[in-house]
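The values are calculated or read from the model by the stated rules, or taken from the named source; none is laboratory data. Here the structure is a predicted model, which is why all the values come from computation and not from measurement. All Cβ positions, even for glycine, are placed from backbone atoms using ideal geometry, and neighbour counts span all protein chains on display.
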Amino acid sequence: MTRPTPRQVKAMADAAGVPVADDVAARIANSIGPAFEGFAPVAGTLPFDLEPASFLVVQNTRAVS
Amino acid sequence: MSATEPALMSLTEIAQAIAQKRVSSREVTQSCLDRIAQWQPSLNAFMTIEAEPALAAADAADAALAKGNRQGALHGVPLAHKDMYYEAGKVVSCGSKIRRDWVATTTATALQRLKDAGTVRLGSLQMAEFAYGPTGHNAHYGAVHNPWRHRHITGGSSSGSGAAVAARLTFAALGSDTGGSIRMPAHFCGVTGLKTTVGLISRAGAMPLSQSLDTVGPLARTAEDCALLTGLIAGADPADPTCINRAVPDYLAATRETLQGLKVGVPTAFYVDDLDPEIARILDETITTLKHEGAEIVSVELPDQRQLTAACQLVLACEAAAFHKRWLIERPQDYGPQVLMRLQNGLAISGVSYLEALRWRGPALAAYLAATERAEIVLAPVAPVAAPTIAESDVGNSLDAEAVIQRLTRFTRPVNYLGLPSLAVPAGFTKDGLPGGMQLIGRPFDEATLLGAGAAFQRASDFHARWPEMEMA
């Protein structure tokens with residue numbers, strides 16, 4: 001997972017139905033880029049059977065009763 | 001300022017004093033209103049002040065008590081809350097221009113439970129626009145000022161809650177914490193704040209920001225006060241199916257615990273890196289106090305917390321953009337520049353990236369809990385610095401705005417991503433007189449241990465009992 005380019009941001013915003021100007025796309029790419037880079041070591045490594053609800057399973061099985 | 005002013009007592013003390021008729025609800029409410037009238041012009045902590053209705057409600061509470069009818073544990077206690085908790089028939093601005101005149105048709109479960117306990121409404125408290133900002137700036141209603149140093153920020157997004165509790169304008173206040181919004185104002189303003197486990201307290205009727213991360217919790221003067229409030233508002237709610245059906249512990253009883261033998265984990269990295277020297281000193285002094293009180297300090301090596309921060313940002317930005325999509329299309333001009341910028345960030349996150357960040361949450365929590373197995377709680381600073389000035393943190397929508405925000409919140413976001421509880425307690429002051437808070441991070445649904453440790457720490461220190469000698473604007 002790499003940081004999106006302004007061009008990619010513009011295309012995604014268009015697809016989301018909230019078009020943005022070129023300068024806004026550049027600013028978004030600059031702002032959100034570090035989050036993509038920070039998550040890069042995890043992205044693309046998760047096992048097939050893992051679903052978001054696994055969080056609740058861990059939370060409840062490891063909760064203090 | 002007189003130490004005998006009712007407004008200067010703690011929530012627990014004033015609730016008992018009213019119940020025992022040592023002071024009337026009217027006297028207490030008037031004491032708060034007098035302080036609000038004196039300090040609101042310089043602090044800007046309140047969104048609305050409802051003096052006459054508050055006094056009328058106080059009189060009704062006194063009349064009921066005279067007849068032997070005590071409604072609940074907070075009978076006649078005046079409180080104000082962050083202006084994002086819906087109350088039917090009241091304007092709830094959410095700190096925004098968009099909802100400036102919006103009238104709620106339902107009442108938030110947390111708020112209703114406090115009303116059922118007998119509280120009196122003083123008004124509503126300032127906040128960051130749509131709870132999306134960690135500093136206390138608000139493009140529409142102005143910055144809230146730190147009661148300890150007028151030119152400094154309060155932290156956000158529960159900015160008014162932090163300032164009003166610190167200035168003794170209200171005994172306590174509900175805040176919300178999605179990325180640090182209770183703990184940051186608690187740290188910057190020198191009050192106690194509890195970020196609760198995701199699923200402990202109903203979010204029904206609380207303005208949403210991120211459905212995966214939002215939590216409801218109190219800011220108050222003491223851990224004991226937080227325990228009292230949490231015990232009243234926690235528990236299952238049919239209106240919020242994400243709220244877990246668990247028995248609510250006796251949090252007040254937990255505050256009578258000591259620190260003897262409690263295993264406190266201190267991270268070897270991340271939370272101790274790049275600290276302002278004053279915050280580093282406060283951390284060291286907190287460890288010394290905990291040891292002196294019998295706690296056992298153990299080092300903990302945590303998984304890479306930067307990845308948690310990144311995952312938190314992806315989830316938060318995407319969910320916030322989805323909540324706001326209609327207004328992003330129809331009313332973008334009605335957002336403040338920074339909030340608009342941050343909401344637009346979410347447009348750049350694909351569904352796949354968003355879900356990947358959510359899918360990792362379970363394994364990330366399991367890894368954290370395994371790494372901290374030897375500790376019952378983990379100690380960490382709330383933020384690497386004390387409150388910056390309003391001017392230096394007013395970054396608007398500049399190119400480095402997000403970077404500034406991320407630096408301020410880097411110690412709070414991992415906790416939100418993991419959904420863990422965390423109690424922020426006042427732990428010292430800088431040489432410039434600004435408060436510094438530490439967070440006690442617990443295991444899922446173990447607020448009781450945090451509140452017990454916090455209360456024991458507060459019996460061994462007096463930082464929570466100090467109030468600011470406020471400067472006029």
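Just give me the residues in the stretch B:9-43 being within 16 Å of residue B:117 (Cα to Cα) and of a type in the set (Asp, Glu), in sequence order.
B:13
Can we say residue B:206 is among the hydrophobic types (A, V, I, L, M, F, W, C), in contact with a Ser or Thr (Cβ under 7 Å, 6 or more places away or on another chain) and under 25 Å from residue B:90 (Cβ atoms)?
Numbers: among the hydrophobic types (A, V, I, L, M, F, W, C): yes; in contact with a Ser or Thr (Cβ under 7 Å, 6 or more places away or on another chain): yes; under 25 Å from residue B:90 (Cβ atoms): yes.
Criteria met by residue B:206.
Which numbered condition trips up residue B:260, out of (1) touching a strand residue (DSSP E or B) at 6+ places or on another chain (Cβ under 8 Å); (2) polar (S, T, N, Q); (3) assigned to a loop (DSSP other than H, G, I, E, B)?
(1)
Please state which one of B:181, B:158 is among the polar types (S, T, N, Q), in contact with a Ser or Thr (Cβ under 7 Å, 6 or more places away or on another chain) and within 26 Å of residue B:13 (Cβ to Cβ).
Numbers: B:181 fails: within 26 Å of residue B:13 (Cβ to Cβ).
B:158 is the lone residue from the list that is among the polar types (S, T, N, Q), in contact with a Ser or Thr (Cβ under 7 Å, 6 or more places away or on another chain) and within 26 Å of residue B:13 (Cβ to Cβ).
Does residue A:42 satisfy being more than 12 Å from the chain's Cα centre (by Cα) and either surrounded by 18 or more Cβ atoms within 10 Å (Cβ to Cβ) or assigned to a helix (DSSP H, G or I) (or both)?
Values: more than 12 Å from the chain's Cα centre (by Cα): no; either surrounded by 18 or more Cβ atoms within 10 Å (Cβ to Cβ) or assigned to a helix (DSSP H, G or I) (or both): yes.
Considered against the rule, which asks whether it is more than 12 Å from the chain's Cα centre (by Cα) and either surrounded by 18 or more Cβ atoms within 10 Å (Cβ to Cβ) or assigned to a helix (DSSP H, G or I) (or both), residue A:42 comes out as no.
State which residue is nearest to residue B:418 (Cα to Cα) when the search covers only the stretch B:174-217 and only residues that are of a type in the set (S, T, N, Q) and assigned to a strand (DSSP E or B). Break it down into steps so the answer makes sense when it comes.
Initially, the stretch B:174-217 is screened for residues of a type in the set (S, T, N, Q), giving B:176, B:178, B:181, B:192, B:196-197, B:202, B:210-212, B:215.
Within this subset, residues satisfying the condition of being assigned to a strand (DSSP E or B) are B:176, B:192.
Working: B:176: 16, B:192: 21 Å.
It comes out as B:176.
In the set B:196, B:192, which member is of a type in the set (Val, Ile, Thr), within 24 Å of residue B:386 (Cβ to Cβ) and buried (at least 24 other Cβ atoms within 10 Å of the Cβ)?
Details: B:196 fails: within 24 Å of residue B:386 (Cβ to Cβ).
So the residue among B:196, B:192 that is of a type in the set (Val, Ile, Thr), within 24 Å of residue B:386 (Cβ to Cβ) and buried (at least 24 other Cβ atoms within 10 Å of the Cβ) is B:192.
Residue check, residue B:471 against (1) at pLDDT 95 or above; (2) under 24 Å from residue B:9 (Cα atoms), all met but one. Which one?
Here residue B:471 meets the rest and fails (1).
Residue-by-condition table, conditions (1) touching a residue at least 24 places away in the same chain (Cβ under 8 Å); (2) part of a helix (DSSP H, G or I); (3) within 13 Å of chain A (Cβ to nearest Cβ):
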position	(1), (2), (3)
B:281	yes, yes, no
B:303	yes, no, yes
B:308	yes, yes, yes
B:315	yes, yes, yes
B:322	yes, yes, yes
B:333	no, yes, no
B:340	yes, yes, yes
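Report, by residue number, each residue of the stretch B:115-139 that is polar (S, T, N, Q) and either surrounded by fewer than 24 Cβ atoms within 10 Å (Cβ to Cβ) or assigned to a strand (DSSP E or B) (or both).
B:124
Can you tell me which residue is nearest to the chain's Cα centre (by Cα) among those in the stretch A:45-62 that are more than 7 Å from every other protein chain (Cβ to nearest Cβ) and not in a helix (DSSP H, G or I)?
Pass one, the stretch A:45-62, residues more than 7 Å from every other protein chain (Cβ to nearest Cβ): A:45, A:47-49, A:53, A:56, A:60-61.
Then drop every residue that is not not in a helix (DSSP H, G or I), which leaves A:45, A:47-49, A:53.
Values: A:45: 14, A:47: 17, A:48: 18, A:49: 20, A:53: 18 Å.
Restricting to residues being more than 7 Å from every other protein chain (Cβ to nearest Cβ) and not in a helix (DSSP H, G or I), the top hit is A:45.
Among the residues of the stretch B:124-133, are any modelled with pLDDT of 95 or more and either over 18 Å from the mean Cα position of the chain (by Cα) or among the acidic types (Asp, Glu) (or both)?
Checked against the condition, which is being modelled with pLDDT of 95 or more and either over 18 Å from the mean Cα position of the chain (by Cα) or among the acidic types (Asp, Glu) (or both), the stretch B:124-133 yields at least one hit.
In the stretch B:364-382, what residues are touching a residue at least 12 places away in the same chain (Cβ under 8 Å) and either buried (at least 19 other Cβ atoms within 10 Å of the Cβ) or among the acidic types (Asp, Glu) (or both)?
Kept after step one, since they are touching a residue at least 12 places away in the same chain (Cβ under 8 Å), are these residues of the stretch B:364-382: B:364-365, B:367-369, B:371-372, B:374-382.
B:364, B:365, B:368, B:372, B:375, B:376, B:377, B:378, B:379, B:380, B:381, B:382, listed by residue number.
Here's the yes/no breakdown for (1) farther than 19 Å from residue B:270 by Cα; (2) among the hydrophobic types (A, V, I, L, M, F, W, C); (3) without any contact (Cβ under 8 Å) to a residue 12 or more places away in the chain; (4) within 10 Å of another protein chain (Cβ to nearest Cβ):
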position	(1), (2), (3), (4)
B:349	yes, yes, no, yes
B:358	yes, yes, no, yes
B:362	yes, no, yes, yes
B:384	no, no, no, no
B:387	yes, yes, no, no
B:390	yes, yes, no, no
B:405	no, yes, no, yes
B:408	no, yes, no, no
B:422	no, no, no, no
